[in-house]
Amino acid sequence: MVVKEIKKNGQTLYICEECGFAYEQKEWAEKCQQWCQQYQSCNLEITQHAVPPE
Ligand SMILES: [Zn+2]
């Protein structure tokens, strides 16, 4: 599982390419992307760990 990495204010964020949510932990981004690809929907248990968009 490969997720997109971006740098923001010196911090690395991991993006689920399916839904666009950003995570501080790669682990969550991978879980999110895996879920999104499989179910084509978001899992609240996972997305609650996302970084709020600005
Ligand atoms: Zn996702």
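No value in this document is a laboratory result; all are computed from the given coordinates. This is a predicted model, so every value here is computed, not measured.
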TODO: Restricting things to alpha carbons, find the Rg to Rh ratio for the chain using the Kirkwood radius for Rh.
DONE: 0.94
Task: the chain: relative contact order as a whole-number percent, Cα under 8 Å and 6+ apart - done: 29 percent
TODO: At 0.36 nm per residue, minus the direct Cα-Cα distance, what do L44 and M1 gain on full extension? Give it in nm, one decimal, please.
DONE: 13.5 nm
- [ ] Would you calculate a helix-derived [θ] at 222 nm for the chain, using -39,500 (n - 2.57) for each DSSP H run of n ≥ 4 and dividing by the full residue count, to the nearest 500?
- [x] -9500 deg cm²/dmol
